[in-house]
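Each value in this text was obtained by applying a stated rule to the coordinates, not by laboratory testing. Values in this document were obtained by computation on a predicted structure and should not be read as measured data. Backbone-built Cβ (ideal geometry, glycine too); neighbour counts: all protein chains shown.
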Amino acid sequence: MVGAGIVTTYTMNNPLRMFGGIDISIRRAEHRAYLAEEEEKHSERARNNGLKSCQRCGFCCLKQPCVPSPTEFNTVADYLDITPRELARKYAVVNEEKNGFYLLWARETQTDIVGRALPYYRTYDRGYCIFFDKEYHACKIHQARPKTAKTTKCWSDKTELSGACWTTDRIKALLPDFNPNAGDLYVVNGNGTVSLLRIF
Ligand code: SF4
Ligand code: SF4
């Protein structure tokens with residue numbers, strides 16, 4: 001654990017560029033470089049081969065896990081035969097953007113800390129969506145997958161917004177401890193270990 005007990009003016013809606021010695025913009029640049037490397041490895045990607053049909057390379061499941069709407073979230077919980085709360089605690093993280101917070105699937109590197117509020121730059125972590133089956137290059141929740149999975153087409157520049165419409169109240173209904181003004185900042189280090197900076 002790094003820097004436990006640091007008192008700061010940080011809030012989830014007002015992330016600092018520098019925190020605990022970590023320059024967030026450098027982390028974002030690192031992530032962009034990581035994605036460029038990964039894109040090379042996903043050589044069958046439709047976009048890179050002039051194709052207009054999904055080749056199931058998995059790059060989009062690594063680049064950005066799906067963002068389910070609250071209704072889609074419940075559909076996935078039913079599909080997995082667990083409660084929405086269990087789904088949130090086991091497989092989702094809370095991310096933020098300018099207009100507020102939303103839930104999205106965790107990445108494989110976040111399996112030990114899912115169900116927690118993570119600042120947006122923290123959710124740029126490495127690895128595939130937690131529901132991506134690396135052996136078969138398939139979505140483990142394919143039949144119940146959110147709309148974002150169905151509309152993602154790497155060969156098209158048209159981006160469809162997920163329209164997820166999460167509110168803080170909806171998130172708190174699933175994660176009662178969620179506090180939009182405070183949280184724990186987790187950082188994935190270069191060697192893959194996770195450090196925690198506790199924020200009050
Ligand atoms: S849509 Fe996604 S999985 Fe399909 S080929 Fe493109 S990057 Fe790969
Ligand atoms: S839910 Fe399925 S399609 Fe969407 S990112 Fe995860 S593995 Fe990929």
Given charges at Cβ of Lys, Arg, Asp, Glu: the range 67-175 dipole, positive-most of Ile130, His142, Val93: Val93
Leu35, Leu174 arranged by Cβ crowding within 10 Å, fewest neighbours leading: Leu35, Leu174
Electrostatic dipole magnitude of the range 52-181 [Cβ: Lys, Arg +1; Asp, Glu -1; Cα centre; debye, to 20]: 340 debye
Distance (nanometres) between label positions extended 7 Å along Cα→Cβ at Thr167 and Lys63: 3.3 nm
Fraction of the pair-distance distribution of the range 52-181 above 17 Å, Cα-Cα pairs, percent: 56 percent
Where labels lie 7 Å past Cα in the beta-carbon direction, separation of Ser53 and His137 in nm: 1.4 nm
Separation in nanometres of the label points that stand 7 Å from Cα toward Cβ, at Glu44 and Asp112: 3.2 nm
Packing rank of 137-148, 57-68, where each peptide gets the mean count of other beta carbons within 10 Å, highest leading: 57-68, 137-148
Segment Glu97-Ser156, length gained on full extension (0.36 nm per residue, minus Cα span): 18.9 nm
